[in-house]
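Accompanying notes for the structure given below.
The values are calculated or read from the model by the stated rules, or taken from the named source; none is laboratory data. Just so it is clear, the model here is predicted, and its values are computed rather than measured. Please note: Cβ atoms are built from the backbone with ideal geometry, for glycine as well, and neighbour counts cover all protein chains shown. With ligands, DNA and RNA removed, areas are computed over all heavy atoms of the protein, side chains included. Shrake-Rupley method; radii C 1.70, N 1.55, O 1.52, S 1.80 Å.
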Amino acid sequence: MSTPTTTSTATTAGARAHARAQHGRVVPTMRHVPVTTAPQLPDDVPPAAVTWAETIAFGRYTAMALARGTRLRLADTAGDACVHLLLHRADAPHERLNTADTVKVPWQAYLSTGHPLLSDAGRLLATVVADTSGRHDALAGTTTLAGNTERYGAGAAQSGSPAGRELLLLGALKHGLGPRDVPPTVSFFKGVRVDADGALVPTGSAGPGARVDLLLQVDALVVLANTAHPLDERPGFTGTAVDVVAWQAPDDLTALAAGALVGELGPERRRALENTEHDLAARRPR
C-alpha cells in the first residue's frame, strides 16, 4: 500500500508542513524576493542596483514605494498587457499624478520618450525616458466597476473581470490612501488617438516585447493595475502579464537635467523640473 504524497492541512502540523513545502516555489506571475532571483533582469544593470522585480498577471495589481532616481521599466513581453499607473509623492501624498497637466503643459497628448508626468502643483513626478511601444493613453483613464459590470458581467477586484479603479484602490489602500486618492490615470501599451471629430479611437498594442522606462524625480508611491483598457473593443476580458523591474539610477537625474538623457528640455519641462528641485531642496534639513 503506497503512502499518500500530499500533506493534509486539516491539522496545524499538516498546514505548517504544506506551507513550508511552498518555500522556493516559482510561478509565472509573482514578486521576486530577493530580486536577484528574477528571470527578467536587464543585462546592462548591475544586480545590486535592482530594487524591485515582479511579473503582474492580467487582472491583477501591485504597489511599491520607490526612491527618487529609480528607473522603472514596464515590459509588455507577450504583447497584450495594459498597465494603468497611479503616482503619489511619498512625502506629500496629496500631490499626485495629474493627467490634465501631463497633457497640457508639454503641449502633447500622446506619451512617448521625453514626456513628463506632472502633478497639479506644476512639479515633475517622473519622465518617460525610453519607449519602444508608442501605444499609450493619457486621455481615457481606467475602467470602472459600473462599466465592467455592464460589459463583462462583473467589475469587482475579486471578480474575473476586475476594473482598473477597483484594483488601483486596493493598491492605494496599502499606502494609507483612499477612494478620493484615485484620480484619472495614464495607461501603457494600449494606444488611443483623437480623430478629426474629437472621438477617441483605440490603436491597440505595439506587439510583444515593447517596453517603457520611467525615471522618478521624487520619492513616489507607485500603484500599477494590469487590466483591460476602457476602449478595448473585444467582447471578452482578455490580456497578458507585464514584467516590472526597477533599479537605482541616480546619475540619470543629472543626465536628464543636462539634456543628455532625452534631449534638451523645453521651457515648460525645464520649469517643472526646477519647481520640483526647488521644493525638494526646501524640505531637506540644513
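Quick one: count up the residues across the stretch 123-167 that are open to solvent by less than 40 Å² (accessible area, probe 1.4 Å), assigned to a loop (DSSP other than H, G, I, E, B) and out of contact with any Ser or Thr (no Cβ under 9 Å at 6 or more places or on another chain). Final tally of qualifying residues: 1.
In the stretch 96-113, the residue that is farthest from Lys190 (Cα to Cα) out of those that are within 17 Å of the chain's Cα centre (by Cα) and buried (at least 18 other Cβ atoms within 10 Å of the Cβ) is Arg96.
Yes/no matrix, rows are residues, columns are (1) in contact with a Gly (Cβ under 8 Å, 6 or more places away or on another chain); (2) without any contact (Cβ under 8 Å) to a residue 12 or more places away in the chain; (3) surrounded by fewer than 19 Cβ atoms within 10 Å (Cβ to Cβ); (4) of a type in the set (A, V, I, L, M, F, W, C):
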| residue | (1), (2), (3), (4) |
| --- | --- |
| Gln22 | no, yes, yes, no |
| Val26 | no, yes, yes, yes |
| Arg31 | no, no, yes, no |
| Ala49 | no, no, yes, yes |
| Ala65 | no, no, yes, yes |
| Ala90 | no, no, yes, yes |
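Checked across the stretch 262-281, the condition of being of a type in the set (Lys, Arg), closer than 25 Å to Gly134 by Cβ, open to solvent by less than 60 Å² (accessible area, probe 1.4 Å) and in contact (Cβ under 8 Å) with a residue 60 or more places away in the chain holds for no residue.
Restricting to the stretch 203-218, count the residues that are touching a strand residue (DSSP E or B) at 6+ places or on another chain (Cβ under 6 Å) and either aromatic (Phe, Trp, Tyr) or open to solvent by 30 Å² or more (accessible area, probe 1.4 Å) (or both).
Start the filter on the stretch 203-218 by keeping residues that are touching a strand residue (DSSP E or B) at 6+ places or on another chain (Cβ under 6 Å), which leaves 203, 210-218.
Filter again for either aromatic (Phe, Trp, Tyr) or open to solvent by 30 Å² or more (accessible area, probe 1.4 Å) (or both), leaving 203, 211.
Count: 2.
Within the stretch 95-122, being of a type in the set (S, T, N, Q) and not in a loop (DSSP other than H, G, I, E, B) holds for Thr99, Thr102, Ser119.
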